[in-house]
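The values are calculated or read from the model by the stated rules, or taken from the named source; none is laboratory data. Fair warning: this is a prediction, and the values are worked out from it, not measured in the lab. Side chains are part of the model used for accessible areas, which takes the heavy atoms of the whole protein and leaves out ligands, DNA and RNA. Shrake-Rupley method; radii C 1.70, N 1.55, O 1.52, S 1.80 Å.
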Amino acid sequence: DDEEQTLQGDEETTSITIVDDLYPKGLPDSNSIIKHSTIPPSGFDQSQISSSFTPEDIERLKLSPDNVTVPIALMLLWPDQYGSQTKARKECRRRKILVHKGPLLEVPGEGGGKKLTFDRERLALVKVIDRVKPGETLAIQTRMTHNYSECKNHHKSAPFHLPIIYQDDHVAIVNKPEGFVVFSHKHGGFGRENVYSCLPWVLEPPKAGVVSVLRRPSPVHRIDRGTSGLLVVAKTKPAMVELGLAFKERRVKKTYTAIVNG
């Protein structure tokens, strides 16, 4: 289950393995590192910098192969994930990016290989204005732990019975009873008598290792208070995004049953 990474050196490519759990602890410990990359010893390729940024940006930011800002480094290391400086800066401000100052710790591995591990004393959260140099490692972290227990607000039981139709590590489907709202009003209307407050009681949290877990499960659509029926719930951020788009683009088919008297 070790995570493998390839470093590009001046003369050869060295295969290394990160010694830790599949996802090493980030900052704070409730976060986990899900991706990392070390800046090559010779720095970034000048042609890559020239082709990715305008001469004005290169001059303004004083970019060189061995000295770039963190957002620029993110764009060079992961161009598919960070297609703009705006997105890269936003990830820094959201405290998702770490820097490991200096080389990773090297320890002997099996078969004469090399193993590397993060030195937590050298790990730090980055700022948008920080600059990185060859040999330093940038890492992306995310929260992979839930907080269902705290969300129960120390109450001894769920506010009402909420049947579960289906659930896995990412999504769930519950059967909302008539007479309850999905979300409480902005100013506290209905108190705990809403589906959102009830979910941490009835759903199982995602298993350890699931990425981008929501602090608490959240419905991705609404059903009127007087209507009962199936309600789709997200447990992770990717599920929330994809299900939200499915409802927005009307790819979800809804079927209603009504009883008419008279």
Accessible surface of His221 in the full protein assembly, 1.4 angstrom probe, to the nearest 10 Å²? 30 Å²
So what J values fall out for the range 40-54 if you push phi through Karplus, 6.51 cos²θ - 1.76 cosθ + 1.60 with θ = phi - 60°, rounded to Hz, Gly and Pro as x? x, x, 8, x, 6, 6, 4, 5, 5, 5, 5, 7, 9, 9, 6
Taking a ≥ b ≥ c as the square roots of the Cα gyration tensor eigenvalues, with a/c under 1.5 meaning rounded and otherwise prolate when a/b beats b/c or oblate if not, the range 47-143 comes out prolate
Rank Lys115, Lys176, Lys207 by accessible area, highest first, at a 1.4 Å probe radius? Lys207, Lys115, Lys176
Using the structure shown, list the pairs from Lys62/Lys90; Lys90/Lys237; Lys96/Lys133; Lys90/Lys207 with a Cα-Cα distance above 24 Å, or answer none. Lys90/Lys207
Which whole-Hz couplings ³J(HN,Hα) result when phi for each residue of the range 209-226 is put into the Karplus expression 6.51 cos²θ - 1.76 cosθ + 1.60, θ = phi - 60°, listed in order with x for Gly and Pro? x, 6, 8, 6, 6, 5, 4, 8, x, 9, x, 9, 7, 10, 10, 4, 4, x
Counting sequence-distant residues (5 or more places) and residues on other chains, those with an amide H built under 5 Å from that of Leu105 are Thr117, Asp119
Of the accessible area of the range 40-97, computed with a 1.4 Å probe and all protein chains kept, carbon and sulfur make up a percent value of 48 percent
Leaving ligands, DNA and RNA out of it, report the carbon-plus-sulfur percent of the accessible area of the range 158-249 at a 1.4 Å probe. 56 percent
Give a residue-ordered list of calculated ³J(HN,Hα) values for the range 117-122 (Karplus: 6.51 cos²θ - 1.76 cosθ + 1.60, θ = phi - 60°; whole Hz; x for Gly, Pro). 9, 6, 9, 4, 6, 9
Taking Ile39, Ile129 and ranking on accessible area (1.4 Å, protein atoms only), highest first, one gets Ile129, Ile39
